[in-house]
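Everything below concerns the one structure shown next.
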Ligand SMILES: Nc1ncnc2c1ncn2[C@@H]1O[C@H](COP(=O)(O)OP(=O)(O)O)[C@@H](O)[C@H]1O
Ligand SMILES: [Mg+2]
């Protein structure tokens with residue numbers, strides 16, 4: 001689909017295999033996550049195996065506390081697994097330093113969280129610029145790219161406003177703009193509609209779908225809402241730290 | 001600086017500035033220590049500089065190439081002040097010194113506090129016995145009338161030249177010249193009024209004085225032949241050292257001091273006195289400077305405290321920044337810039353305060369303070385260092401946060 005673009009992005013980063021038809025974008029091998037609180041250990045993830053190909057739109061469902069966010073944080077390189085191996089574009093990232101992980105998050109992954117997570121002090125356009133700021137792009141170019149990203153989520157007129165001056169749905173669209181501004185090939189969205197009513201939620205989901213279909217961005221979506229999860233093309237279910245089912249979602253099953 | 005670093009730096013600076021303005025009162029309270037510290041550094045140094053210039057100019061005002069001979073054993077190791085006179089220098093010594101080749105003029109001095117009376121007004125002032133060369137050596141001309149001459153000194157005439165303060169106290173608006181004043185019940189005719197000299201470096205009013213011939217002083221007032229001090233002007237700057245050794249040799253000979261015994265007088269030249277005065281002014285500056293340094297330290301701790309609060313309050317923001325790719329160093333830098341801007345801002349306000357204090361001192365006291373660039377630059381650098389030093393621990397703490405936990409913080 002957009003293989004050529006991804007190839008170009010990938011080539012400057014050492015250690016990545018150029019993705020071909022056989023290399024999945026994300027490959028988890030026996031991933032485990034155990035939290036220790038005092039003397040007690042909580043095994044939140046156990047032997048999770050999962051492959052995600054580029055361009056996929058994967059939904060993860062499961063009850064609250066089943067380990068969805070933990071799994072997403074590991075895939076998003078925010079956290080390191082306590083067991084197993086994680087290959088991102090063919091590169092083993094399970095034992096990288098925190099700065100190396102920061103670099104990967106900056107270049108490869110955009111996050112959208114339930115609580116929007118915008119910095120209140122910064123204007124909308126400054127919030128969207130933030131990933132570019134950390135990748136060292138000159139100010140002018142960064143502002144241009146941020147404005148382009150805001151246009152994609154139909155918010156080009158709100159750039160100079162501040163997060164508390166726009167609605168929740170709009171804030172979440174700003175978060176989407178921030179996630180895609182650096183041309184990251186992957187977006188991780190953890191309950192992105194959790195704080196929105198169903199109309200605003202549907203509006204936000206429309207943009208994920210658009211980004212996935214028009215730009216070939218791989219999307220991994222966590223939700224416990226069946227209607228939201230159904231925007232994806234593939235659905236996995238997590239229960240007590242293991243993947244219990246995996247299914248292809250029929251096109252237009254929703255409407 | 002690379003483009004990246006520049007961009008990052010300016011955004012950090014902008015954001016630090018915004019953060020500061022958001023909590024105006026808190027920021028101001030935080031940097032109060034720095035403001036006071038820097039303010040007192042600037043004020044203190046300006047006082048020190050002003051004092052040192054004042055000392056210098058009052059020493060210069062004593063005349064050029066000046067040597068002062070004081071009675072006493074040099075083993076005492078200091079300048080003899082106060083009015084008690086050690087009996088080693090005589091008027092004979094004064095006359096002998098005058099004949100030395102390297103010496104231009106001289107003035108044997110003996111000063112004593114005395115009651116001076118004119119028509120029921122009385123005023124306690126310094127009565128100074130001096131030679132006719134006093135005005136030359138002290139570089140202090142008369143404003144009205146004349147100074148006494150060599151003959152009047154030789155004949156121990158009852159004439160007096162009065163300083164401006166003493167004249168005002170005794171005569172008010174009346175012109176003192178020609179009037180008779182009583183000193184120690186001896187009548188003196190006022191023949192001159194000295195020009196205004198002002199305060200010296202030690203805050204003494206130099207115009208509160210009555211000058212009479214040294215001979216009259218010794219015979220009729222003090223009742224002694226011992227003089228308090230001999231002021232000598234060398235012929236030139238180069239001759240100062242020669243004059244100093246000539247005088248030493250002459251006085252040792254006149255006082256019959258055996259070779260193995262120390263001098264019973266000191267010969268001080270003006271640059272030695274200037275040095276002594278300067279070093280005491282420096283000690284004062286260093287002392288107050290260290291008090292200022294302590295208050296900067298306290299200010300630094302205040303900054304550390306507020307930065308720790310700020311880091312905790314902004315845990316979520318740190319998490320967001322980390323999620324979009326901020327490295328440890330980026331977070332560290334952001335908070336360091338913030339604490340530096342904070343303390344630098346304190347430094348700038350402190351400089352303003354220091355300027356205020358020193359101009360108030362100039363306005364309301366005889367001392368003219370002098371603000372130079374060095375303490376300003378040093379204070380700015382120092383407050384920047386305080387910001388970096390005390391901001392480091394909070395910034396370090398922020399940079400070591402776990403992104404997942406930081407994001408979960410509410
Ligand atoms: N840092 C942590 N320390 C201890 N337990 C944790 C930590 N993070 C998550 N957990 C636990 O792991 C489990 C899974 O959490 P999470 O992945 O957030 O679930 P979900 O997103 O599916 O609701 C929960 O029981 C939660 O309490
Ligand atoms: Mg969750």
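The values are calculated or read from the model by the stated rules, or taken from the named source; none is laboratory data. Just so it is clear, the structure is predicted and the values come from calculations on it, not from any experiment. In this analysis, Cβ positions are derived from the backbone assuming ideal geometry, glycine residues included, and neighbour counts consider all displayed protein chains.
Assorted remarks:
Quick grid of which residues meet (1) within 8 Å of ligand 1 (Cβ to nearest atom); (2) at positive phi; (3) buried (at least 22 other Cβ atoms within 10 Å of the Cβ):
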| site | (1), (2), (3) |
| --- | --- |
| A:34 | no, no, no |
| A:42 | yes, no, no |
| A:46 | no, no, no |
| A:67 | yes, yes, yes |
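- Selected residue (criterion: farthest from the other protein chains (Cβ to nearest Cβ)) from residues of the stretch A:66-88 that are part of a helix (DSSP H, G or I) and within 21 Å of residue B:328 (Cβ to Cβ): A:74
- Counting the residues of the stretch B:351-392 that are surrounded by 14 or more Cβ atoms within 10 Å (Cβ to Cβ) and farther than 22 Å from residue B:50 by Cβ gives 10.
Residue by residue, here is whether (1) more than 13 Å from ligand 2 (Cβ to nearest atom); (2) touching a helix residue (DSSP H, G or I) at 6+ places or on another chain (Cβ under 8 Å) holds:
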position: A:68; (1), (2): no, no
position: A:72; (1), (2): no, no
position: A:81; (1), (2): yes, yes
position: A:85; (1), (2): yes, no
position: A:89; (1), (2): yes, yes
position: A:94; (1), (2): yes, no
position: A:97; (1), (2): yes, no
position: A:102; (1), (2): yes, yes
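- Residues that are surrounded by fewer than 20 Cβ atoms within 10 Å (Cβ to Cβ) and closer than 22 Å to residue B:323 by Cα, drawn from the stretch A:126-143: A:135, A:136, A:138, A:139, A:141, A:143
Let's see how each residue does on (1) without any contact (Cβ under 8 Å) to a residue 24 or more places away in the chain; (2) closer than 21 Å to residue A:51 by Cβ; (3) away from ligand 2 (no atom under 16 Å from the Cβ):
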| site | (1), (2), (3) |
| --- | --- |
| A:192 | no, no, no |
| A:205 | no, no, yes |
| A:216 | no, yes, yes |
| A:224 | no, no, no |
| A:228 | no, no, no |
| A:236 | no, yes, no |
| A:246 | yes, yes, yes |
| A:249 | no, yes, yes |
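- For the stretch A:91-103, a residue qualifies if it is closer than 19 Å to residue A:31 by Cα and not in a loop (DSSP other than H, G, I, E, B), and the qualifying residues are A:91, A:92, A:98, A:101.
- Number of the condition not met by residue A:228 [criteria: (1) assigned to a helix (DSSP H, G or I); (2) away from ligand 1 (no atom under 16 Å from the Cβ); (3) in contact with a strand residue (DSSP E or B) (Cβ under 8 Å, 6 or more places away or on another chain)]: (2)
- Taken together, B:279, B:310 contain a single residue that is free of Cβ contacts under 8 Å to residues at least 24 places away in the same chain and either in a helix (DSSP H, G or I) or closer than 23 Å to residue B:395 by Cβ (or both), which is B:279.
- Just one of the listed residues (B:331, B:303) is buried (at least 23 other Cβ atoms within 10 Å of the Cβ), more than 16 Å from ligand 1 (Cβ to nearest atom), within 14 Å of chain A (Cβ to nearest Cβ) and in a helix (DSSP H, G or I), and it is B:331.
- Condition met for residue B:296 (modelled with pLDDT under 90, over 16 Å from residue B:26 (Cα atoms), more than 11 Å from chain A (Cβ to nearest Cβ) and touching a helix residue (DSSP H, G or I) at 6+ places or on another chain (Cβ under 6 Å)): yes
- Residue A:42 being more than 14 Å from every other protein chain (Cβ to nearest Cβ) and under 27 Å from residue A:225 (Cβ atoms): yes
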